[in-house]
Amino acid sequence: MCGIVGYVGKRQALPVLMDGLRRMEYRGYDSAGIAVMDDADLRVAKSVGKVRALADSLVDTTVAGTLGIAHTRWATHGVPSEANAHPHVSCDGKVALVHNGIIENYAELRAELTAAGHAFASETDTETLAHLVEHLMRFPGVTLADAVRSAVRRVRGTFGLAVVSTDYPNEIIVARLGSPIVIGVGEGEYLVASDPNAIIGHTRSMIFLDDGEMAVLNRDGYRVVSLENLPVAKHPENIDWSAEDAQKNGHAHFMMKEMSEQPEVLRNTMRGRIDFDAGNAVLGGLRDVADRTREIDRLIIVGCGSAYYAAQVGEYMLEEYAGIPVEVELASEFRYRKPIITPRTAVIAVSQSGETADTLAAIREAKMKGALTLGIINAVGSTIARETDAGIYNHAGPEIGVASTKAFLSQATVFALLTMFLGRQRQMSVTTGRRISEELARIPDLVASLLARQDEYKAIADKYAWADDFLYLGRKYCAPLAYEGALKLKEVSYVHAEGYAAGEMKHGPIALVDETMPSIVICPVDSVYEKTKSCIEELRARRGKVIAITTEGNHELDNLADDVIFIPKTLEMLTPILAAIPLQAFAYHAAVRRGFDPDMPRNLAKSVTVE
Ligand code: M6R
């Protein structure tokens with residue numbers, strides 16, 4: 001979604017800002033803009049479309065200056081247009097501002113400011129703030145920081161923002177409520193971003209603002225205060241991934257690069273976290289709450305999209321091996337329910353970005369009701385990671401492709417570790433714990449062997465390129481994988497796909513089946529194999545084409561399915577981790593064959609930070 005970048009230092013700001021915008025392109029956006037302080041003059045440029053278009057529009061212009069702010073916009077209020085792109089500028093041309101989030105009471109503020117003589121140039125909610133800051137600065141003795149603080153205190157909604165003014169040509173003011181802002185600390189320079197990836201090439205030393213905080217930055221330092229103007233002591237944290245981690249490294253797309261990284265990602269997710277002898281997981285992030293997790297009698301897991309499906313895989317694992325009742329909820333629904341929470345309930349948020357608005361709201365609701373809140377989060381220092389009581393980092397590195405691939409696999413792996421941890425706190429035997437540990441240790445190599453078969457997956461994607469609709473079916477541990485496989489296909493290739501628990505097929509979807517609607521059936525040799533196999537028979541009886549995913553050595557489906565993809569034998573609970581690989585690859589090759597960029601699917605944003 002929207003992205004913010006800012007710079008104040010000794011270097012020219014424009015190249016730093018443009019580089020930051022490019023590094024945030026993966027997040028999804030429709031227009032971009034910059035404002036650079038050229039002496040005490042603001043140079044503002046905006047373009048609809050890609051950052052490249054903005055760069056092209058600046059080719060014949062000199063934009064000099066060592067302080068500036070920039071933005072990529074994902075339209076909420078008003079169509080993608082130059083007028084609606086950020087930065088927004090006040091009537092007197094002195095204040096420029098970029099904003100992520102939503103100003104819910106903008107109509108009311110706009111009416112008030114219009115009555116006071118302000119003229120609006122866009123349809124956005126954000127522009128209101130630029131005028132409000134200008135308006136407040138007209139009062140004697142009110143500084144830019146004072147005006148921003150007073151303005152945001154009038155806002156209902158969410159914001160991450162960066163503001164500059166020609167009256168304060170050496171200052172950037174940033175503020176946050178519900179939308180991330182990070183400050184990069186360099187040598188004699190400070191950077192600002194809504195996403196650490198935008199500035200990681202310049203510094204790994206970062207300060208994460210919390211909600212209700214703002215900061216004043218200039219070349220010589222920074223000052224963080226609350227929105228009540230009380231000083232807040234903040235210290236830089238070191239981010240453990242590098243700018244190179246966020247490059248394609250010779251792959252055509254981030255999605256393929258991230259799929260290829262999965263064996264190493266899973267090793268990183270598990271590194272130092274398995275005690276083979278004790279048959280247990282060593283989860284440092286849960287150490288301080290281990291006494292509470294022992295007493296938990298109910299788990300609620302919240303997430304969105306792929307994170308929600310990974311949670312459903314986790315639900316099967318936790319119920320089967322840890323014996324804890326588990327409910328998995330869409331975070332977007334949980335926040336509007338009246339969940340029954342007791343002091344012995346733990347609510348787990350699963351999120352790659354750690355910034356998804358619905359998941360964050362769900363965890364806040366759970367916390368308010370007294371639950372123990374835990375996070376399974378990839379982005380270090382993200383809001384959910386900081387707001388939960390304790391948690392487990394995925395250590396998957398930055399995921400740039402919009403489609404969740406390595407994050408999904410590492411989330412499922414974290415659930416296996418959590419299952420051992422909670423299971424061993426309960427009735428799980430050391431023998432069972434050791435069996436899971438040993439099998440988990442084999443998984444990265446098995447994933448690598450599956451990844452090496454791209455030609456096979458591509459050939460199947462090519463063979464079915466004629467199909468406009470797909471059914472994905474799976475049972476038990478593989479039901480969530482059917483949902484995930486269908487989501488992957490539709491989001492990157494725009495082919496219609498529906499994921500169903502195989503048992504549901506006869507309750508409706510079978511009406512769709514004929515020779516034009518192929519099904520991908522995840523049918524490993526597991527405790528529900530015979531039942532899933534019957535489902536394939538039923539599809540065939542209706543002339544449906546079937547691509548089956550089954551276990552190596554099982555040739556019963558050779559004559560039943562049109563195509564068979566074999567995956568190695570593993571524990572039933574870990575099968576989804578292996579079966580995910582051909583599903584990801586099928587979606588990727590289908591997208592590329594259709595000429596689409598799987599890294600930046602239309603209408604989608606990497607991190608959904610508004611409701
Ligand atoms: O950052 P999060 O894990 O909270 O994001 C959740 C979903 O938005 C995300 O998994 C989305 O569904 C992916 N595009 C799926 O590939």
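The values are calculated or read from the model by the stated rules, or taken from the named source; none is laboratory data. Only a predicted model underlies this, so the values are computations on that prediction, with no experimental measurement involved. No Cβ is skipped: glycine too gets one built from the backbone with ideal geometry, and neighbour counts run over all protein chains shown. When the accessible area is computed, the model is the full protein with side chains, heavy atoms only, and any ligands, DNA or RNA have been set aside. Shrake-Rupley method; radii C 1.70, N 1.55, O 1.52, S 1.80 Å.
Computed with the Debye formula from one identical point scatterer per Cα of segment 2-246, without solvent, the log10 of I(q)/I(0) at q = 0.09, 0.14, 0.16 Å⁻¹ comes to -0.32, -0.83, -1.12.
The heavy atoms of L217 offer some 0 square angstrom of accessible surface to a 1.4 angstrom probe. Extension gain for A452-T143 works out to 105.2 nm (0.36 nm per residue, less the C-alpha to C-alpha distance).
Just flag the GluC sites (Glu not before Pro) in segment 503-542 sitting in loop per DSSP whose Cβ has no more than 12 other Cβ atoms within 10 Å.
Details: sites: E504, E515, E530, E537, E538; in loops: E515.
Counting only loop positions with at most 12 other Cβ atoms within 10 Å, the GluC sites (Glu not before Pro) in segment 503-542 are E515.
Label sites at S81 and R543, each approximated as a point 7 angstrom past Cα along Cα to Cβ, lie 5.1 nm apart. Once all protein chains are placed together, Y308 keeps about 40 Å² accessible to a 1.4 angstrom probe.
Label reach from N229 (point 7 Å along Cα→C-beta): in segment 133-147, amide nitrogens under 16 Å belong to 136-147.
Label separation (R337 vs R153): 3.9 nm, computed from points 7 Å beyond Cα along the C-beta direction. Among complete DSSP H helices in the chain, those whose alpha-carbon atoms stretch at least 20 Å along the helix's long axis and whose mean Kyte-Doolittle hydropathy reaches -0.5 are 406-424, 430-451, 479-493, 575-593. Ranking of K458, K569, K234 by solvent-accessible surface, largest first: K569, K458, K234 (1.4 Å probe, protein heavy atoms only, all chains present). Our helix-only sum for the chain, with -39,500 (n - 2.57) per DSSP H run of n ≥ 4 divided by its residues, gives a mean residue ellipticity at 222 nm of -10000 deg cm²/dmol. Quotient of the Cα radius of gyration of the chain and 2.2 N^0.38 Å, N being its number of residues: 1.01. Total lysine pairs in segment 453-611 at Cα distances under 16 Å, for residues eight or more apart or on different chains: 9.
Taking all Cα-Cα distances within segment 1-67, those exceeding 20 Å account for 22%.
Using 1/(1 + (r/R0)^6) with R0 = 60 angstrom and r between the beta carbons of A40 and E237, what's the FRET efficiency to the nearest 0.05? Working shown, then result.
Working: r = 35 Å, r/R0 = 0.58.
Once rounded, the FRET efficiency stands at 0.95.
Relative to the present Cα-Cα distance, how much length would full extension add between E438 and R344 at 0.36 nm per residue of separation? Extending this stretch completely gives an extra 30.7 nm.
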